[in-house]
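Laboratory data are not the source of any read-out in this text; all were calculated from the coordinates shown. None of the values given here were measured: they were computed from a predicted structure. Backbone-built Cβ (ideal geometry, glycine too); neighbour counts: all protein chains shown.
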Amino acid sequence: MSMIEFKDVEKYYGDFHALKNVNLEIDAGETVVLIGPSGSGKSTLIRTVNGLEEIQQGQLLVDGFDLHDPKTDMNKIRKNVGMVFQHFNLYNNKSAIENIMLAPRLVLKRDEAENKRIAMELLEKVGLADKAANMPSELSGGQKQRIAIARSLAMKPKALLFDEPTSALDPEMIGDVLDVMRDIAADSSMTMLVVTHEMSFAKAVADRVIFMADGQILEDSSTDSFFKNPSEPRAQKFLSQVANH
Amino acid sequence: MGLLQNYFSTFLQGFGYTLLSSVVALVGSMLLGTLFAIMQVLPTRWMQIVGNIYVQIFRNIPLLIITLFLYLAVAKVVKMNGFTAGTIALTLYTSAFIAETVRAGILSVDSGQMEGARANGLKFGQAMRYIVLPQAFRVALPSLGNQFINLVKNSSILAFVGGLDLMYQGNMVAANSFDTFTAYIIVGIFYLVLTLPLSYYMQYLEQHLKAKA
Ligand SMILES: Nc1ncnc2c1ncn2[C@@H]1O[C@H](COP(=O)(O)OP(=O)(O)OP(=O)(O)O)[C@@H](O)[C@H]1O
Ligand SMILES: [Mg+2]
């Protein structure tokens, strides 16, 4: 069953055509990596999936809901679709554990003891149980991002979106975050859509790779075939560029 | 200081009314100001416009004019005394400044905070209440402190409409005793009794929150 489905989707920022005739289907449980040059529309695409950006034309089905239908309750979708941002977007006025517990408390009305237990479990999972009481300003970038991932997981989502989760991190922090993401991908029921420049991560974890340029999907193939023989010249050029640094 | 002894209960009554008016106006203007600040940052265009018109009207008319308008015109329709008219005027006037302060505070909070909260499943109102506003108030605190102190001082507007406040009683004492100078010195000291602790409390809050952040 498909978890995310784009059908002839068009997205404009004013006059600027940001997504051009996007067709894409992601099955439940799949891990898909989205790559492409800067400005190609990766963030735009991923942000339409949880309604942070509206589409102007076409159909976008997420977990069975049509996002282009004004009657769709966006909050229902966001309950089931988590997002991890490049700049973490942790709640600056809340401690690490409160960051994790807030949405389950307010949105899911999860019982407080249960909420705390789950939050502690997630902190263990991301290796930060000792930082539960710390404020975001007291955490390193890598720690912030792992808390942000735990915050998303606390909602027990069906799908997770990652928009360049390691791009703002110092190189030595990247590994810890990717390890956590690898763990999540290993859970066969979780659908993941990941924008990243970490090609080794893509090779190791992705079922499929999508290559975008100028608002269009130019290539959509299995990870193996994408890295062995990309059919698009622009994808070939992109790969050689990211391989060079 | 014989004057203070002779008229102590008069001054005290004035002090009481000034305190009451200030507290009511402070709470009222915080609520109204925050409401109109939020209206101005909502995505709905007409709400922004309504919020902006409100702010522009009340912050660009002298407080005295608003007070007289309520006391002389509105009071003909809805019965109210000088104290009520003055306190409502003070609330409306101050709320416009607080709306601007809080709005600036909201805009200073990184948009990633709202986005993170919405993506996390929170409704707009929940994100505002639990994430954005607490950070906005922290930024706005020094400026809010100024507004509160101005509010206490501006409550002397009540004297113009027989509001029985400190200034009003001071005028009475000055006229009755012919010791104008001492009367107003005493009034000034009573205002300090309100504004100084308020100043220090706001400073303390600022420092306290800075230490926590
Ligand atoms: N809010 C916006 N308003 C107008 N134009 C925008 C907006 N957001 C993005 N764009 C434009 O849309 C295009 C795609 O942007 P997007 O952020 O999706 O690219 P990206 O592939 O994520 O790039 P990067 O790798 O640099 O993050 C760019 O040309 C960008 O300038
Ligand atoms: Mg991007």
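Note on A:S188 and A:D224: with the Förster distance fixed at 22 Å, the Cβ-Cβ geometry gives a FRET efficiency of about 0.70. A Förster radius of 51 Å combined with the Cβ-Cβ distance from A:Q57 to A:A129 puts the calculated FRET efficiency at roughly 0.60. Its relative contact order, with pairs defined as Cα atoms under 8 Å and 6+ residues apart, puts chain B at 28 percent. With a threshold of 30 Å on the Cα-Cα distance, the over-threshold entries among A:K20/A:K94; A:K11/A:K94; A:K144/A:K203; A:K20/A:K203; A:K11/A:K116 are A:K20/A:K94; A:K11/A:K94; A:K11/A:K116.
Roughly how big is chain A's charge dipole about its Cα centre, with Cβ charges of +1 (Lys, Arg) and -1 (Asp, Glu), in debye to the nearest 20?
It comes to approximately 460 debye.
Fully extending the segment from A:K156 to A:M120, taken as 0.36 nm per residue of separation minus the present Cα-Cα distance, adds 11.5 nm.
By the helix-only formula, in which each DSSP H run with n ≥ 4 contributes -39500 (n - 2.57) and the sum is divided by residues, the protein assembly as shown has a 222 nm mean residue ellipticity of -18500 deg cm²/dmol. Dividing the Cα radius of gyration of the stretch B:19-166 by its Kirkwood radius returns 1.05 for Rg/Rh.
Assigning unit charges at the beta carbon (Lys, Arg +1; Asp, Glu -1) and nothing else, what dipole magnitude in debye, to the nearest 20, does the protein assembly as shown show about its Cα centre?
1460
Note on chain A: antiparallel DSSP beta bridges, both residues inside, total approximately 55 percent of the bridges counted.
Just want to confirm a number: the relative contact order over chain A, from Cα pairs under 8 angstrom separated by 6+ residues, in percent. It comes to 27 percent, rounded to a whole number.
Normalised by residue number, the volume inside the convex hull of the Cα atoms of the stretch B:23-68 is 65 Å³ per residue. Histogrammed with a bin width of 5 Å, the alpha carbon distances of the stretch B:84-213 distribute as 2, 10, 14, 15, 15, 12, 10, 8, 6, 4, 3, 1, 1, 0 percent, first bin at zero. Taking the Cα centre of the stretch B:19-166 as origin and assigning +1 to Lys and Arg Cβ atoms and -1 to Asp and Glu Cβ atoms, the resulting dipole is close to 240 debye. Close amide H contacts of A:R208 (hydrogens built in the peptide plane, cut-off under 5 Å, sequence separation of 5 or more or a different chain): A:T31, A:V33, A:T223. Note on the protein assembly as shown: antiparallel DSSP beta bridges, both residues inside, total approximately 55 percent of the bridges counted.
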